[in-house]
Amino acid sequence: MLALFVLLLCITSSFSASTRGAGAAGPRLNNDQLYKFSYTTEVLVDRAKGSKDGSVGYRISSDVDVNLVWRDPSSKDDQLIQLVISNVKIENVAQRSAKKNIFQGATTQSLLGENKLAALERPFMVHLKNGKVSSFYCYKAEPASIKNLKRGVASLLQVQSRSGKVIENDVSGRCTVEYKAAQGQVTRTKALETCKTAETGFTTYIQVLGVSGESSSVTVFTLEDGFIKSATAKETHILAVNARRTTAAKIVSRQNLTLVTIETGPFEAAGKNVASVVKSLDEKLYAVGVTAEKVKSQCKGCRSLFEHWQEVQKQFEPDSLSKAIAPRSFLALIQSMRKASKDEILQVLKSSTKTALPQVVDAVTSSQTPASLDAMLQFLNFADPKGLVLQERFLYACGFASHPNERMLQALVDISKGKIVSNDIKESVVIIMGALVHKLCQKGGCELPTVVEVKKMILEGPDSTQVESDVQMYLLALKNSLLPEAIPLFSKYAESEVGAYCTISLTALQRYDVALITDEVKQTVNRVYHQNRRVYEKNVRAAAADVVFSSNPSYMEVKNMLLSIGNLPRELNKYMLSKVNDILHFEMPASKILRQAMKDMISHNYDRFSKVGSSSAFSGFMARTADATTTYSLDILYSGSGVLRRSNMNIYGASNGATLHGLQVAIEAQGMESLIAAKPDEGEEDLESFAGMSALLFDVQLRPVTFFKGYSDLMSKMFSMSGEPMNVVKGLILLTDHSQVIQLQSGLKANAEFQGGLAIDISGGMEVSLWYRESKTSVNNKGAMVVTGNVTVDMDFVRTGMEVSFETEASLDFITTVQFSEYPFLVCMQMDKTTFPFSESLTKYESLPSGKSYVSRRGHKQLLPGSEFPLHQENSNMCKRVFESDL
């Protein structure tokens, strides 16, 4: 019993100590004494691993006099204190020659201006209660930047003498803080990720393309006789692009407050409470809040949006889209548009040339401000058949939006309810709605009224119509949305009699987290592959196999799939063998269970694994770095007659444990056997002649395009091999979009902007020559990418910062040539990357309003050799034969 009592006493004591920490006594000032401190604060901006000497930034130093104004007679820890800043100096942190020192020869008054210097040196008061800053008093009309600097000084008086975690308000916001007290010393660690401030930024949803940060804030107090002898603070922020962490920036802020001497000071003032005492001493002093105020940046001599547009409009012409200057100009124009009004944006849209206008639509939509959205909605007329290109570019830009809001989704809902002259545009509107639903749900907006409305519409859509194109439209929208509620619907349509429904549903299921694929769904997919209820097209069964292999398959599932090989149509046999080998070769998640199943000689034997054919599946690495990995896969399925049935190229990016489906280009063809007097495969006897292409870009499924549909359309395009490739995606895409306001404890404020832009042109084509008995499919990908990071600490009197960036231009071509004059027919696949340039740059700068500046630039350029990506050896042997036959 005694032991239990002691245990309870210990628990109670420890709990009491932890809760008392929030109200523990802080520093106490004595009456009739003036505490004279020296104070410095500095800010440095540099690359992540930069040194102090190579940084840009500045130091503010001054004297600070502190004295007690009033103390509550009933509480010694309830104090009103006055602070006076004097002898202010502003100078460089890094040692530089006079020529490179922008502060050389400048006085504090010339830098700040007479009024701001007077405001900084004007006395202000702090209500200190139990070691916490309860109220902050200064002149209301003082500039926000000056008040924030004063708040920064006051933050070093906030300390408690006992260990514990508390929530505090200071210039950084409302933050969780942990105190650790030792003999004569207290360490305050601020959890910066918990700080809540009025100014919030945004970041892209896609983690692979996003920006990650590390931050810390530690203040060490030395106490003597219950008062602060010194306070030293260091705050660090590092921001880096996930896919390339050398594209990074670091901000370091330091503060130091040191007690120099104690002199005789003024006596306490009389009064009942803090408010009455402050009013009696200076009626102009107001309580203005402890947290930092927003500083309105003023840009003198800045270009207007239209002036900016006139300077860069040539870079928005189609001929520039394969060059890095296009995405760089795109990013810069977005920054200008985010500060512009609707009328200013409309002026740019109306003045653009016809050829540059689609790229301008990309920029305006990607700006994602209320003004830019209003401008686009006013500019576009969805009832006008002449504006289809602009309408689709607007919709795609919405789909790729880095941080869409409910209003953007509502705009698409309104468009869908209005008059739309084109069925293609109508389909794109609904498909992109699904992408926006996914992004809004990702940030917790699944219950927003508009999101709920759209979810209901696309979930009920497939069963509400008998029109095949409309059903496909709703299924594609659901594929984009990745709603868990849609999985039963996909499971149902995976067993449909319409092949397109099956394919969309199965490829959609493959995009879901494996944990959401239930046993019931797996049973459905297995029924499709094994044709338990009806006969399916080969490409449907191949898609079902992909789902099974990617959904954590059981031993029996894998064994049954292995047993099916040998009983499948000839080319599907070869595809499945190639798929199994690819899983083993690339060490995919299913490889372990697959190896177990292959120990059974009935499942794995020569007869089963020696089937011939031309279909294939192969995966490989495009690039591997310490920060990111890029992989590709090529799946080709042919009909028994040698005509392409399905070609599927995928590119994935992985970084920091996250994966991005960067690109998928799928070409499908059917019903072409009659042209070469061949017999269709089982289940494909009555298929209409068709060929088309579908693209998924950065996790967003786009509207499929059709090369031809129907026998007459096929015949009109069949006897020529000189047809131009059909464009699938062309434009400018905002990939990385990170904006952050970093309020430093010193009262200074940093702004971080990281953006990545991509100029892309994806086209594809299919050519068939009956004369040469040869078919060729091609997918051409051209692009230029620029990523920039800009970090600035911009005060009224000095601006410092840095820009780090990298850029590249590249081209990737995938060509498949099939000669079907004999069997087994010859198939050659080529995936080529051309030689491409890559460059990085780093610019650091400091500048004064007078125009005096310091700029440091570094960079390097290199030419990276092109290459042909390796596929399996069988393909290499086949290509030799194809090229020999062409000689």
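Only aspartates and glutamates eight or more places from residue 180 in sequence, or on another chain, were considered; those with a Cα closer than 19 Å are 168, 170, 224, 225, 235. Positive end of the dipole of the range 565-677 (Cβ unit charges, origin at the Cα centre): among 642, 655, 596, the Cα lying farthest that way belongs to 596. Here the Karplus curve 6.51 cos²θ - 1.76 cosθ + 1.60, taken at θ = phi - 60°, turns the phi angles of the range 214-229 into couplings of 10, 9, 8, 8, 10, 10, 10, 9, 9, 10, 9, 6, x, 10, 6, 8 Hz, with x standing for Gly and Pro.
Put simply, the amide H of residue 34, placed in the peptide plane, has neighbours under 5 Å in 263, 264, 265, leaving out anything fewer than 5 places away on its chain.
Projection of the Cα convex hull of the range 234-307, averaged over all directions and equal to a quarter of that hull's surface, yields 12.2 nm².
Considering only alpha-carbon pairs that sit under 8 angstrom and 6 or more positions apart, the relative contact order computed for the chain is 11 percent. Highest mean packing first, where packing is the average number of other Cβ atoms within 10 Å per residue, the peptides 130-142, 264-276 line up as 130-142, 264-276.
From the alpha carbon centroid of the range 60-120 to that of the range 495-539 is 70 Å. Remark on the range 731-882: hydrodynamic radius 19.8 angstrom, per the Kirkwood mean of 1/r across alpha carbon pairs. Dividing the summed -39500 (n - 2.57) terms of all DSSP H runs of n ≥ 4 by the residue count of the chain sets its mean residue ellipticity at 222 nm at -9500 deg cm²/dmol. A full extension of the chain between residue 838 and residue 273 corresponds to an added length of 196.8 nm, given 0.36 nm per residue minus the alpha carbon distance. Only the Cβ atoms of Lys and Arg (+1) and of Asp and Glu (-1) were treated as charged; on that basis the dipole of the range 450-551 about its Cα centre amounts to roughly 280 debye.
Our note on the geometry: Cα centres of the range 455-493 and the range 155-195, 52 Å apart.
Scoring 636-644, 515-523 by mean Cβ neighbours within 10 Å over their residues and listing the highest first yields 636-644, 515-523. Shape summary of the range 305-379, radius of gyration then Dmax from alpha carbon positions: 11.0, 31 Å.
For the range 534-550, putting each phi into the Karplus relation 6.51 cos²θ - 1.76 cosθ + 1.60 with θ = phi - 60° gives couplings of 7, 7, 10, 5, 4, 5, 5, 5, 5, 5, 5, 4, 4, 5, 4, 5, 9 Hz, in residue order, rounded to whole numbers and with x for Gly and Pro. Taking the 1.4 Å solvent-accessible surface of the chain as the whole, the part contributed by carbon and sulfur is 52%. Measuring r between the beta carbons of residue 600 and residue 624 and using R0 = 30 Å, the FRET efficiency lands at 0.30. When peptides 576-589, 144-157 are ranked by their average number of other Cβ atoms within 10 Å per residue, the highest-first order is 144-157, 576-589.
Could you list, in their original order, any pairs among 611/782; 479/538; 100/250; 129/165 whose Cα atoms are separated by more than 27 Å? 611/782, as the Cα separations exceed 27 Å there. Within the same chain, lysines fewer than 8 places from residue 36 are excluded, and of the rest, those with a Cα less than 20 Å from its Cα are 89, 150, 229. For residue 866, nonlocal amide neighbours, meaning residues 5 or more places apart or on other chains whose placed amide H falls under 5 Å from its own, are 835, 836.
For the range 340-345, the Karplus equation 6.51 cos²θ - 1.76 cosθ + 1.60, evaluated at θ = phi - 60°, returns couplings of 9, 8, 4, 5, 5, 5 Hz by residue, with Gly and Pro reported as x.
The values are calculated or read from the model by the stated rules, or taken from the named source; none is laboratory data. Values in this document were obtained by computation on a predicted structure and should not be read as measured data. Every residue, glycine among them, receives a Cβ derived from its backbone with ideal geometry; neighbour counts consider all protein chains shown. Keep in mind that these areas ignore ligands, DNA and RNA; they rest on the heavy atoms of the full protein, side chains included. Shrake-Rupley method; radii C 1.70, N 1.55, O 1.52, S 1.80 Å.
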